[in-house]
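Student: I have a structure here, written as structure tokens, and I will follow up with some questions on it.
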Amino acid sequence: MLTGPSMAQKWIVIQHVSFEGPGLIAAAAEARGLAVEVRRMDLGHAVPPMAEVAGLVVMGGPMGVHDVASHPYLVAEQQLLRAAVERDVPVLGVCLGAQLLAAALGARVYTGPEAEVGAGDVILTADGVVDPVLGGGGATLPVIHWHQDTFELPPGATHLARSTRYAHQAFRVGRHAYAFQFHAEVDRSLAADWAPRLPPGIVIAEDRRAEIERSGRRIVSRFFDAVGAGTQAVGSSAG
């Protein structure tokens, strides 16, 4: 008989900088009564042991996968991501988190030829169109991009989405591990935090932001539904 996570386990969100929080991801988790704990790497929090993790979300950040000298916790994050996939624990990696998941599973992560920043779209592959998380909303999804690093697909991964600039925008490993190079978690508050930090000339119009948020709410909700995240003990904490 399948059993849920123990009371000691929580959904762990790993956040790297103050302005790249979980946004819509946290809202969807809390709406399902999930116990969520945010670990702030920029505040010196520790990467949790696998035994404490009911589900794992790794957010973005301006650092790169290979910047382990200045950000040594990135090594522990990759180890945790690999362990979570091996145990079929739900995983969602966003931007840097997607790159860390790819690296943790043996794929090459590298800097691409140009930055991809601002409101845009991703195009679903044939597998993406029927995917339980990304599918169901059309073959093209509105998203926010903010990256230049990219990755190859890990062995055995299912390719889910691409953009006109970068071929690898999303993949799935097994049933419960997802990587999004793009951002689907951006709500109004996150967009306001990002606005002054975006490169000069990059402006996300409000109507476009609202469209991306509507799509993001659907994607994030479908992620929690697809990985079987139901009602658990309610609780949340952040540093």
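Coordinate-derived values only; no laboratory data. Everything quoted here is computed from the prediction, not taken from an experiment. Here the Cβ is made from the backbone with ideal geometry for all residues, glycine too, and neighbour counts use every protein chain on show.
Student: Quick one: which residues, 5+ away or cross-chain, put their amide H under 5 Å from the amide H of residue 55? H built at 1.01 Å from N.
Tutor: Distant-sequence amide H within range of residue 55: 10, 11, 12.
Student: In the stretch 17-96, what trypsin sites (Lys or Arg not before Pro) fall in a loop by DSSP, with at most 12 other Cβ atoms inside 10 Å? It would help to have the intermediate numbers written out before the result.
Tutor: Working: sites: 32, 39, 40, 82, 87; in loops: 32, 87.
When the trypsin sites (Lys or Arg not before Pro) of the stretch 17-96 are filtered for loop state and at most 12 Cβ neighbours within 10 Å, 87 remain.
Student: Also, quick follow-up: Going by amide H atoms built from the backbone, whose H comes under 5 Å of the H on residue 95, apart from near neighbours?
Tutor: Close amide H contacts, sequence-distant or interchain: 180, 181, 182.
Student: Add -39500 (n - 2.57) for each DSSP H run of 4 or more in the chain, then divide by its residues: what number comes out at 222 nm, to the nearest 500 deg cm²/dmol?
Tutor: Details: 6 runs with 63 residues, N = 239.
Result for the chain: -8000 deg cm²/dmol, rounded to the nearest 500.
Student: List the residues, sorted by chain then number, that are 5 or more residues from residue 149 or on another chain and whose placed amide H is less than 5 Å from its amide H.
Tutor: For residue 149, whose amide H was placed from the backbone, the distant partners under 5 Å are 112.
Student: If you don't mind, another one. Could you tell me the distance between the Cα centroids of the stretch 129-189 and the stretch 111-127, to the nearest Å?
Tutor: Centre-to-centre (Cα) distance: 9 Å.
Student: While we're on this one: So which trypsin sites (Lys or Arg not before Pro) in the stretch 135-191 pass both tests, a DSSP loop state and at most 14 other Cβ atoms within 10 Å of the Cβ?
Tutor: Working: sites: 162, 165, 172, 175, 188; in loops: 165, 175.
In loop regions of the stretch 135-191 (DSSP not H, G, I, E or B), the sparsely surrounded trypsin sites (Lys or Arg not before Pro) are 175.
Student: Ranked by Cβ crowding within 10 angstrom, fewest neighbours first, how are 164, 140, 150 ordered?
Tutor: 164, 140, 150
Student: Among DSSP beta bridges whose residues both lie in the chain, state the antiparallel percentage, nearest 5. Please list the in-between numbers first.
Tutor: Working: 21 of 41 bridges.
Roughly 50 percent of the DSSP beta bridges within the chain come out antiparallel.
Student: Follow-up question, since we're still on this one. Arrange 131, 42 by Cβ neighbour counts within 10 Å, fewest through most, would you? Intermediate results must be reported in sequence, preceding the final value.
Tutor: Working: 131 20, 42 15.
Exposure proxy ranking, most exposed first: 42, 131.
Student: Only Lys, Arg, Asp and Glu count, each charged at its Cβ (+1, +1, -1, -1), so figure out the dipole size of the chain about its Cα centre, rounded to 20 debye.
Tutor: Numbers: 19 positive and 24 negative charges, 64 e Å.
That gives a dipole near 300 debye.
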